[in-house]
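Working notes, beginning with the structure itself.
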């Protein structure tokens, strides 16, 4: 069986780099345990999971699934597929409709053995909610810092958006 690995992290921070390596390592181990061959790795490094349009690797994964370049897709969890419920459902459907097995080991989801989409759907909703909460916490922290006269340069992309509105 040919396996495609999908991994994603939202930032380029060192801690996230370890997460990316761990995601790939875990999927590689799972494939090796089952005697499967890794055909490709699709990595979105430093790209938010809030929307698919900027994630080139997941878009390529979907294109390659149409070409039947692999039989199985392994991603660590639903949240690695993305942080948007509708897009997660669309991504899973696109993969599964090509008769490609989808395995998300952290969520105990495997289309070969799962009889229900309930857990997938719940995890997709939770992933989106966590993304929204994180965004609100960051925005709150920036507002508090601004009131205190503190600049947060590592959130330059957010600051640029705020300054553009002024």
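The values are calculated or read from the model by the stated rules, or taken from the named source; none is laboratory data. Everything quoted here is computed from the prediction, not taken from an experiment. Every residue, glycine among them, receives a Cβ derived from its backbone with ideal geometry; neighbour counts consider all protein chains shown.
This table checks each residue for (1) on the phi < 0 side of the Ramachandran plot; (2) touching a helix residue (DSSP H, G or I) at 6+ places or on another chain (Cβ under 6 Å); (3) in contact (Cβ under 8 Å) with a residue 60 or more places away in the chain.
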position	(1), (2), (3)
53	yes, no, no
77	yes, yes, no
81	yes, yes, yes
96	yes, no, no
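Restricting attention to segment 1-22, the residues that are crowded, with 16+ Cβ neighbours inside 10 Å and either more than 18 Å from residue 95 (Cβ to Cβ) or modelled with pLDDT of 95 or more (or both) add up to 9.
Number of residues in segment 66-89 that are assigned to a loop (DSSP other than H, G, I, E, B) and farther than 17 Å from residue 130 by Cα equals 5. Would you check if there is a residue in segment 35-52 being exposed (fewer than 15 other Cβ atoms within 10 Å of the Cβ) and assigned to a helix (DSSP H, G or I)? Within segment 35-52, none of the residues are exposed (fewer than 15 other Cβ atoms within 10 Å of the Cβ) and assigned to a helix (DSSP H, G or I).
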